[in-house]
1. Filter the range 109-143 down to the residues that are in contact with a strand residue (DSSP E or B) (Cβ under 7 Å, 6 or more places away or on another chain) and in a helix (DSSP H, G or I) and list them by number.
2. Could you list, in sequence order, the residues of the range 98-107 that are more than 16 Å from the chain's Cα centre (by Cα) and either under 24 Å from residue 125 (Cα atoms) or part of a loop (DSSP other than H, G, I, E, B) (or both)?
3. Quick check: is even one residue across the range 130-142 free of Cβ contacts under 8 Å to residues at least 60 places away in the same chain and buried (at least 24 other Cβ atoms within 10 Å of the Cβ)?
4. Residue pairs, Cβ under 9 Å, 6 or more apart or interchain, first in the range 304-333 and on the phi < 0 side of the Ramachandran plot and modelled with pLDDT of 95 or more, second exposed (fewer than 15 other Cβ atoms within 10 Å of the Cβ) and assigned to a helix (DSSP H, G or I). List them.
5. Residues of the range 79-97 being more than 19 Å from the chain's Cα centre (by Cα) and more than 15 Å from residue 166 (Cβ to Cβ), which ones?
6. Before we move on, is residue 102 modelled with pLDDT under 95 and crowded, with 24+ Cβ neighbours inside 10 Å?
7. Return the only residue of 261, 270, 230, 217 being modelled with pLDDT of 95 or more and surrounded by fewer than 24 Cβ atoms within 10 Å (Cβ to Cβ).
8. So is residue 289 touching a helix residue (DSSP H, G or I) at 6+ places or on another chain (Cβ under 9 Å), at pLDDT 95 or above and closer than 21 Å to residue 156 by Cα or not?
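The values are calculated or read from the model by the stated rules, or taken from the named source; none is laboratory data. Note that the structure is predicted; figures quoted are calculated from it, not measured. Cβ: placed from backbone, ideal geometry, glycine included. Neighbour counts: every protein chain shown.
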């Protein structure tokens, strides 16, 4: 994620990237990878759905900080409020000095707040908005110093045959869509960074200066307010106070980061909703460590080769790690959840509830398929272009943004 004090911020490949992902990395010596056991299963009896899911996280390789903690966390919770038709999963990518503490706090509290919201089933979008804002306020009031630390949150909620994806930050959710003989990647979230014109305008209205590091240091013209996501990948636009060289965030939304809130960094999620159909074989929820050098389409292509989400997660994490080391001397933390959506063949089979993870054995997440619904309009940012999300993937499954 984009913190001037933490990770580098190269612009990641989009879903339309031409990378075909043919070269797969072998899963061999991965001492910092957390995974164990078979895939888990959750059911949605009301719509005859069987969700088979798996989660995998791998700590980044940091030669200069070999003991650096994995700042990624994830949470899986089935049967929210005791309802067999409601399941949740999320990935949280911490940043800053106390990024691990922030991501663990948010993964624990966000699902609890959601679970205790009486409007969750009736109005999931309202519940998501309330849960994010409440969790953000609780983090501010906790013992964790979130002045210059925080976390992204990419979360998915399945309610019957509806999938709700709520996003804050630059982690990503991707839906696999059958189109004829192809399986196409459709992004269910839009990276919230100053590359997005709407987000850039919003934070400027809140008082932020938006400049790259080279612009701040006088190496480039600060009056040039257009950035090419490919050319500027290693030096993206960041948010600064008018009279200071801080906080330097390359994202426009997060949970935490209380100093950056003063210049427009907010915890208000963009929520997309999707109605689940047979045309959607699986979806992916992952931190930006997965997508730094792999496009959404590449990730979907790789996952589509496997019937078992566990095998798919292992291959994608290994390939992401390998690609990082081909371009850098380090890697980011890498976390992925894959949820396969299948018909319910077997009745009476016990649901396995795998709940949460951070530097623990990877647990499988409940499968959730989303119809994009957002708390605000969520433009899709790909290839440097800002365009509205496709209003429909096909006639059977309209995407809604709110």
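1. 110, 111, 114, 124, 125, 128, 132, 135, 136, 139
2. Selection gives 98, 105.
3. Applying the first criterion (free of Cβ contacts under 8 Å to residues at least 60 places away in the same chain) to the range 130-142 yields 130-131, 134, 137-138, 141-142.
Checking the rest, the ones that are also buried (at least 24 other Cβ atoms within 10 Å of the Cβ) come to 131.
Checked the range 130-142: at least one residue is free of Cβ contacts under 8 Å to residues at least 60 places away in the same chain and buried (at least 24 other Cβ atoms within 10 Å of the Cβ).
4. Pairs that qualify, where the first residue is on the phi < 0 side of the Ramachandran plot and modelled with pLDDT of 95 or more and the partner is exposed (fewer than 15 other Cβ atoms within 10 Å of the Cβ) and assigned to a helix (DSSP H, G or I), are 331/325.
5. Start the filter on the range 79-97 by keeping residues that are more than 19 Å from the chain's Cα centre (by Cα), which leaves 79-86, 97.
If the condition is that a residue be more than 19 Å from the chain's Cα centre (by Cα) and more than 15 Å from residue 166 (Cβ to Cβ), then 79, 81, 82, 83, 84, 85, 97 are the ones that fit.
6. Values: modelled with pLDDT under 95: no; crowded, with 24+ Cβ neighbours inside 10 Å: yes.
Considered against the rule, which asks whether it is modelled with pLDDT under 95 and crowded, with 24+ Cβ neighbours inside 10 Å, residue 102 comes out as no.
7. Values: 270 fails: surrounded by fewer than 24 Cβ atoms within 10 Å (Cβ to Cβ); 230 fails: modelled with pLDDT of 95 or more; 217 fails: modelled with pLDDT of 95 or more.
That would be 261, the only listed residue that is modelled with pLDDT of 95 or more and surrounded by fewer than 24 Cβ atoms within 10 Å (Cβ to Cβ).
8. Numbers: touching a helix residue (DSSP H, G or I) at 6+ places or on another chain (Cβ under 9 Å): yes; at pLDDT 95 or above: yes; closer than 21 Å to residue 156 by Cα: yes.
The answer is yes for residue 289.
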